[in-house]
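S.K.: Take a look at the following structure, please.
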Amino acid sequence: MSATAPAQASDWFSHEIVGQDITRIWEPHVHPYFRSNIFNVRGRDVDLVIDAGMGLVPLRPVLNLPRAKPVVAVATHIHVDHVGALSEFETRVGHREEAAFFEDMADEHTLAHLFRAQPEAVGRSPNGAWSPQRFRIRPAALARILDEGDMIETGDRSFRVLHLPGHSRGSIGLLDERNGDFFAGDAIYRGQLIDDLPGSDVQAYRKTMQRLLQIELNRAYCGHGEPIGQNELRSIARAYLDSAR
């Protein structure tokens with residue numbers, strides 16, 4: 001589909017409530033390969049924004065975040081479709097393995113050049129001056145560097161950081177062990193899993209899949225597509241492990 005009239009911020013994003021105090025946001029006009037999920041988790045004391053989409057249209061204004069309430073923006077990994085609007089948030093966190101990459105958002109790490117090269121990157125222009133060639137991601141240095149086992153607290157929820165490399169070296173997930181909510185990033189989702197990008201590691205991905213088979217959860221909120229349950233998550237992980245490598 002060719003780009004048409006510029007979109008308004010109000011219709012650039014779609015959203016739905018997918019869990020208790022959890023909203024899924026996505027960009028329907030972005031090419032499906034780059035159409036990722038953004039999750040807003042409303043906490044008692046702190047709100048989380050998990051991943052930040054492409055950054056083609058300002059994200060923060062459409063989230064209706066309380067002005068006086070702290071917000072933590074979590075990057076599950078460094079790729080372009082998850083960090084585009086990260087700079088809109090003051091408190092940003094991500095994994096140690098990719099921490100330095102957020103400081104300059106270079107193409108070699110974000111892979112933004114793959115988006116610029118996509119013939120039909122968007123179905124409509126995000127604004128009148130936009131062109132793929134001018135697309136850049138603003139640097140967004142991390143305020144806190146995460147490691148395996150760290151906790152992110154919202155006041156009424158505790159999320160454990162899981163290092164889940166393979167898709168990228170610094171990929172993480174967040175697990176609420178009490179409620180069984182698991183934010184998986186691009187570690188797992190329906191459809192073809194991507195393990196052949198610069199920075200991907202098939203053997204590390206296989207270890208991540210083995211780990212995912214052991215996690216107890218109720219629902220996984222994936223970096224792309226719809227949420228999935230534990231049985232489907234384990235089926236996807238087993239299929240990956242059974243595939244020829």
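S.K.: Just wondering, is there one or more residues in region 89-97 that are in a strand (DSSP E or B) and out of contact with any strand residue (DSSP E or B) (no Cβ under 7 Å at 6 or more places or on another chain)?
M.R.: No, there is no match, as no residue in region 89-97 is in a strand (DSSP E or B) and out of contact with any strand residue (DSSP E or B) (no Cβ under 7 Å at 6 or more places or on another chain).
S.K.: Look through region 230-245, keep the residues that are in a loop (DSSP other than H, G, I, E, B) and without any contact (Cβ under 8 Å) to a residue 40 or more places away in the chain, and return whichever of them is least open to solvent (accessible area, probe 1.4 Å).
M.R.: Restricting to residues being in a loop (DSSP other than H, G, I, E, B) and without any contact (Cβ under 8 Å) to a residue 40 or more places away in the chain, the top hit is Ser243.
S.K.: For region 1-26, which residues satisfy the criterion of being among the charged types (D, E, K, R) and at pLDDT below 95?
M.R.: Once the filter is applied, which keeps residues that are among the charged types (D, E, K, R) and at pLDDT below 95, region 1-26 yields only Asp11.
S.K.: Let me confirm something: among Arg206, Arg234, Arg245, Arg219, which residue is over 24 Å from Gly55 (Cβ atoms) and at pLDDT below 95?
M.R.: From the options Arg206, Arg234, Arg245, Arg219, the qualifying one is Arg245.
S.K.: Right, here's the next one. Please tell me if Leu63 is within 22 Å of Phe159 (Cβ to Cβ) and either in contact with a Cys (Cβ under 6 Å, 6 or more places away or on another chain) or not β-branched (Val, Ile, Thr) (or both).
M.R.: yes
S.K.: May I pose another question? Taking into account only those residues within region 12-66 that are of a type in the set (Phe, Trp, Tyr) and under 11 Å from the mean Cα position of the chain (by Cα), which is most open to solvent (accessible area, probe 1.4 Å)?
M.R.: Among residues in region 12-66 that are of a type in the set (Phe, Trp, Tyr) and under 11 Å from the mean Cα position of the chain (by Cα), the one most open to solvent (accessible area, probe 1.4 Å) is Trp26.
S.K.: Taking region 116-129 as the search range and keeping residues that are of a type in the set (A, V, I, L, M) and without any contact (Cβ under 8 Å) to a residue 24 or more places away in the chain, which one is surrounded by the most Cβ atoms within 10 Å (Cβ to Cβ)?
M.R.: My answer is Ala117.
S.K.: Quickly run through region 79-125 and pick out the residues that are touching a Ser or Thr at 6+ places or on another chain (Cβ under 6 Å) and hydrophobic (A, V, I, L, M, F, W, C).
M.R.: Val80
S.K.: Here's something else I'd like to know. Output the residues belonging to region 43-64 that are of a type outside the set (Val, Ile, Thr), without any contact (Cβ under 8 Å) to a residue 60 or more places away in the chain and in contact with a strand residue (DSSP E or B) (Cβ under 9 Å, 6 or more places away or on another chain).
M.R.: Result: Ala52, Gly53, Leu59, Arg60, Leu63, Asn64.
S.K.: Out of (1) outside any loop (DSSP other than H, G, I, E, B); (2) out of contact with any helix residue (DSSP H, G or I) (no Cβ under 7 Å at 6 or more places or on another chain); (3) under 21 Å from Phe89 (Cβ atoms), what's the single condition that is false for Leu175?
M.R.: Going through the list (1) outside any loop (DSSP other than H, G, I, E, B); (2) out of contact with any helix residue (DSSP H, G or I) (no Cβ under 7 Å at 6 or more places or on another chain); (3) under 21 Å from Phe89 (Cβ atoms), Leu175 breaks only (3).
S.K.: Determine whether region 150-161 contains at least one residue that is assigned to a loop (DSSP other than H, G, I, E, B), touching a strand residue (DSSP E or B) at 6+ places or on another chain (Cβ under 9 Å), among the small types (Gly, Ala, Ser) and over 18 Å from His82 (Cα atoms).
M.R.: Scanning region 150-161, I find no residue that is assigned to a loop (DSSP other than H, G, I, E, B), touching a strand residue (DSSP E or B) at 6+ places or on another chain (Cβ under 9 Å), among the small types (Gly, Ala, Ser) and over 18 Å from His82 (Cα atoms), so the answer is no.
S.K.: A follow-up question, please. Residue check: is Glu90 of a type in the set (Asp, Glu), touching a residue at least 60 places away in the same chain (Cβ under 8 Å) and surrounded by fewer than 24 Cβ atoms within 10 Å (Cβ to Cβ)?
M.R.: no
S.K.: Hey, could you check region 130-186 for residues that are of a type in the set (Lys, Arg) and free of Cβ contacts under 8 Å to residues at least 24 places away in the same chain and say which is least open to solvent (accessible area, probe 1.4 Å)?
M.R.: Among them, the one singled out is Arg160.
S.K.: State all residues of region 202-229 that are in a loop (DSSP other than H, G, I, E, B) and either polar (S, T, N, Q) or within 13 Å of Arg24 (Cβ to Cβ) (or both); if no residue qualifies, say none.
M.R.: Residues satisfying the conditions are Gln214, Asn218, Gly223, His224, Gly225, Glu226, Pro227.
The values are calculated or read from the model by the stated rules, or taken from the named source; none is laboratory data. All values reported here derive from a predicted model rather than from experimental measurement. With ideal geometry, Cβ positions are generated from the backbone for all residues, glycine too; neighbour counts draw on all protein chains shown. Please note that ligands, DNA and RNA were not included when accessible areas were found on the heavy atoms of the full protein model with its side chains. Shrake-Rupley method; radii C 1.70, N 1.55, O 1.52, S 1.80 Å.
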